[in-house]
Amino acid sequence: MKNVTAVLFDLDGTLIDTAPDMAAALNGLLKQEQCRTLPFEHIRPVVSKGSLALVELAFGDELTESRLRELQQAFLQKYSQAICVHSRLFEGLDRLLDELDENKTPWGVVTNKPAWLTEPLLRRLDLHARCACIVSGDTLPRRKPYPDPLLHACKLMQKPPEACVYVGD
């Protein structure tokens, strides 16, 4: 770790606990569709897998492609309207980010969440200006698990990949 000079974080489920807001949006959509809501404990483990996985959890995986996309868009709209009601940094990460800032160690976010959701969330939590870089799921043609977003983040921070560590779930 002595050669690490920058840190990159995944967003949902790693840096920020977005599960409460995503669960609320998903259950709001289920109510809208006149379906039974899901317990939070069933939703939390799926949050970091993205919106499609959440919609499939809620409505099953036998949906037509068009219906799946329609429900995904409805979920994302609900989530965007209440993106940071209960979302918070995971416990202890505020101190870690403060320490990185104090040591002038740049840190950034690399997520599959689209920028139109990533940036408002980071702004609401007063993290946007602190990030050395933000690479969202729609920043590049290919997203994680391809290495492109991580390599792009290294370039933005002007750090060689071998000097960066990525923290993700």
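The values are calculated or read from the model by the stated rules, or taken from the named source; none is laboratory data. Predicted model only: the values in this text are computed from it and were never measured. For neighbour counting, all protein chains shown are included, and Cβ atoms are generated from backbone atoms with ideal geometry for every residue, glycine included. Quick note on the areas: whole protein, heavy atoms, side chains included, nothing else; ligands and nucleic acids left out. Shrake-Rupley method; radii C 1.70, N 1.55, O 1.52, S 1.80 Å.
Key figures for this structure:
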quantity: Nearest-ten-degree value, helix 93-102 long axis tilted from longest Cα axis of the chain; calculated: 30 degrees
quantity: For the chain, accessible area per residue (1.4 Å probe, heavy atoms of protein chains only), Å²; calculated: 56 Å²
quantity: Excluding exposed DSSP-loop trypsin sites (Lys or Arg not before Pro) (at most 14 other C-beta within 10 Å), longest clean stretch of the chain; calculated: 37-103
quantity: Within the accessible area of the range 23-169 (1.4 Å probe), percent carbon and sulfur; calculated: 50 percent
quantity: Karplus 3J(HN,Hα) series, Hz, for the range 155-166 with 6.51 cos²θ - 1.76 cosθ + 1.60 (x for Gly, Pro); calculated: 5, 4, 8, 6, 10, x, x, 5, 9, 10, 10, 10
quantity: The chain: angle of helix 65-81 to the longest principal axis, Cα-based, in degrees nearest 10; calculated: 60 degrees
quantity: Given (1) 2, 8, 18, 22, 22, 16, 9, 3, 1, 0; (2) 1, 7, 13, 14, 15, 14, 11, 8, 6, 4, 3, 2, 1, 0; (3) 1, 8, 17, 21, 18, 14, 9, 6, 3, 1, 0, the label whose value is P(r) over Cα pairs in 5 Å bins from 0, in percent derived from this model; calculated: (3)
quantity: Helix 115-124 axis, angle to the chain major axis (alpha carbon atoms, nearest 10°); calculated: 70 degrees
quantity: Per-residue [θ]222 nm for the chain (sum of -39500 (n - 2.57) over DSSP H runs n ≥ 4, rounded to 500); calculated: -13000 deg cm²/dmol
quantity: Count, lysine Cα pairs under 27 Å in the chain, 8 or more residues apart or across chains; calculated: 22
quantity: Residue-by-residue Karplus 3J(HN,Hα) for the range 37-50, coefficients 6.51, -1.76, 1.60, Hz, glycine and proline x; calculated: 6, 10, x, 3, 4, 7, 7, 3, x, 9, 3, 6, 8, x
quantity: DSSP bridge orientation in the chain - percent antiparallel, rounded to nearest 5; calculated: 15 percent
quantity: Exposed GluC sites (Glu not before Pro) absent: longest stretch of the chain, with sites in DSSP loops and at most 16 other Cβ within 10 Å deemed exposed; calculated: 92-169
quantity: Virtual spin-label span in nm between L156 and E33, 7 Å along Cα→Cβ; calculated: 3.2 nm
quantity: Charge tally in the Cβ shell below 11 Å around L97, where Lys, Arg are +1 and Asp, Glu are -1, L97 excluded; calculated: -4
quantity: Interchain or long-range residues, amide H under 5 Å from A6's placed H; calculated: V165
quantity: Positive-pole candidate from S51, L117, A82, dipole of the chain, charges at beta carbon; calculated: L117
quantity: For V135, distant residues with modelled amide H under 5 Å away; calculated: V109, V110, T111
quantity: Convex hull volume of the range 26-108 per residue (C-alpha atoms, cubic angstrom); calculated: 121 Å³
